[in-house]
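The values are calculated or read from the model by the stated rules, or taken from the named source; none is laboratory data. Keep in mind that what you see is a predicted model, and the values were worked out from it rather than measured. Heads up, the Cβs are rebuilt from the backbone with ideal geometry, glycines too, and the neighbour counts pull from every protein chain shown. Just the protein is used for accessible areas: all its heavy atoms, side chains included, with ligands, DNA and RNA removed. Shrake-Rupley method; radii C 1.70, N 1.55, O 1.52, S 1.80 Å.
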Amino acid sequence: PEVDGYQVLEELQEMGVLGVRTIVVSARGGEADVERSLALGACHHMVKPFDPDEFLKEVDSFLQLSPEEIHERQEDERDRAHLLSQLESLFGPD
C-alpha cells in the first residue's frame, strides 16, 4: 500500500526485469506523468476514469505487438509526451 506504480516500475528496472507489458492506469494525466510512465518502461498510460472498452482494446493491442513493435511504440509515445510536457510547462495544461 505504501508503494505507487512508479515505484513498482522503478524496482522492476532496478531488478533488470525486461519485457513486462505494463499499462499504467492513473488519475494523474499530465504530460509529465505520461512521460514518466513511459520512461519507466510502461507501454501505455491511461487516465482514470476511462472507458472499459478502451482499456480492453489497449490490452488486446499490446498483446498482438512484437517486443520490437512495443519498443518502437514506447519511443514514439515517450517523444510525444516529452514534447507535450515541455509545451505544458511553458503554457500550462490544455
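Among the numbered criteria (1) open to solvent by 60 Å² or more (accessible area, probe 1.4 Å); (2) closer than 30 Å to residue 91 by Cα; (3) in contact with a Ser or Thr (Cβ under 9 Å, 6 or more places away or on another chain), which single criterion is violated by residue 8?
(2)
Condition first: closer than 24 Å to residue 91 by Cβ and aliphatic (A, V, I, L, M). Now tell me which residues in the stretch 21-45 satisfy that.
Within the stretch 21-45, 27, 32, 34, 38, 39 qualify.
Report, by residue number, each residue of the stretch 44-61 that is at pLDDT 90 or above, part of a helix (DSSP H, G or I) and not basic (Lys, Arg).
52, 53, 54, 55, 56, 59, 60
Filter the stretch 24-40 down to the residues that are open to solvent by 40 Å² or more (accessible area, probe 1.4 Å), modelled with pLDDT of 90 or more and not in a loop (DSSP other than H, G, I, E, B) and list them by number.
Answer for the stretch 24-40, where residues must be open to solvent by 40 Å² or more (accessible area, probe 1.4 Å), modelled with pLDDT of 90 or more and not in a loop (DSSP other than H, G, I, E, B): 25, 36.
Every residue in the stretch 44-88 that is within 15 Å of the chain's Cα centre (by Cα) and touching a residue at least 40 places away in the same chain (Cβ under 8 Å), please.
62, 70, 77, 78, 81, 82, 84, 85
When residue 13 is evaluated against the numbered criteria (1) in contact (Cβ under 8 Å) with a residue 12 or more places away in the chain; (2) open to solvent by less than 80 Å² (accessible area, probe 1.4 Å); (3) assigned to a helix (DSSP H, G or I), which criterion, by number, is the only one it fails?
Single failed check for residue 13: (2).
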